[in-house]
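The values are calculated or read from the model by the stated rules, or taken from the named source; none is laboratory data. Here the structure is a predicted model, which is why all the values come from computation and not from measurement. No Cβ is skipped: glycine too gets one built from the backbone with ideal geometry, and neighbour counts run over all protein chains shown. The protein model used for the area step is the full one, side chains on, heavy atoms only, and it has no ligands, DNA or RNA in it. Shrake-Rupley method; radii C 1.70, N 1.55, O 1.52, S 1.80 Å.
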Amino acid sequence: MDTTNDKNEKPSQNGKKGLSRRGFLKGTGLATAGTFAFTNSLFANEASTDTLAIAGPDANAIELTINDRKVTTLARPDETLVDVLRERLEMTGTKMVCGRGACSACTVMIDDEPVCSCLTLAVEVQDKKITTIEGIAKDGKLHPVQEAFIEEDAAMCGYCTPGMVMSCVHLVDNTPNPTIEEVKHAVRGNLCRCGTYPHVFKAAMTASKNV
C-alpha cells in the first residue's frame, strides 16, 4: 500500500515526505500477516507436532544392520557411526583419525558404497546395509584384498589400512581388471602418512586377479 497518501504523513528534515506512524503500522501489519501466512500455509508436507517423535538429546535405542546382522544399540542423535562402532559396539577395526572426512581412515560401506563413517550419523543409517572391515572376510577366508595387502606388505603403521582396504574392496568387486589409474582414483581420498602407496596399488592390482 502506498503510504505517501497518508494525511498524517510529515515531511522529513530535508523536505521529503517520510514514513508516518500510521504507514509504519500498516507496513509492519502486512509483514506480520505475510509471515503468518507463510509459516502456516506454504510449507509442503508439513507435519503436525502431534505426529513428530522427539529423539535426544540423550541416547536412544537404534537398530543397525552391520555385516548382515541386525544390532540394537544406544546412540545420541549427534553420534557418528564410527563412534557407535568403536565405543558402543567395540568394533575397533574401523579407525578414527581426523574426524572430519579428510583422511578416509574410517571408511565403511553403506549400501555397498564407501563413505566416511566420521561424517555419518548413526541414526541416519538405520535402514541401510553397513559393511565394516570385520565383515569382508567370508566363511573364515580373508577377502582377496586382505590377502594381497599381506602378500605385498601394504600395511605400515596400520591406521589407514582398514580404510584403504575398504576402498580397494569396492574397486575390485565392481571393476573387473582395473587399471593402475583406476586404483589410484579409488584410493585418492585415503591418506597414508607412512607413504606406502606403491604397495597399496600393487596389492589392489594383485587382488583384482583373484576376485
Quiz item: Can you tell me which residues in segment 114-145 are closer than 21 Å to residue 192 by Cα and of a type in the set (Asp, Glu)?
Solution: 134
Exercise. Mind telling me which of the residues 84, 71 ends up being part of a strand (DSSP E or B) and modelled with pLDDT of 95 or more?
Key: 71
Exercise. Select, from 180, 130, 150, the only residue that is open to solvent by less than 20 Å² (accessible area, probe 1.4 Å), at pLDDT 95 or above and not basic (Lys, Arg).
Key: 130
Self-check item: Flag for residue 136 being in contact (Cβ under 8 Å) with a residue 12 or more places away in the chain and closer than 25 Å to residue 66 by Cβ
Solution: yes
Exercise. Any chance you could count how many residues in segment 183-195 are crowded, with 20+ Cβ neighbours inside 10 Å and within 14 Å of residue 103 (Cβ to Cβ)?
Key: 3
Quiz item: Mind checking which pairs have a first residue in segment 193-206 that is over 13 Å from residue 156 (Cα atoms) and a second that is in a loop (DSSP other than H, G, I, E, B) and of a type outside the set (Phe, Trp, Tyr), Cβ under 7 Å, 6 or more apart or different chains?
Solution: 202/152; 203/152; 203/154; 206/152
Quiz item: Which number in (1) surrounded by fewer than 14 Cβ atoms within 10 Å (Cβ to Cβ); (2) modelled with pLDDT of 95 or more; (3) of a type outside the set (Asp, Glu) marks the one condition that residue 110 misses?
Solution: (1)
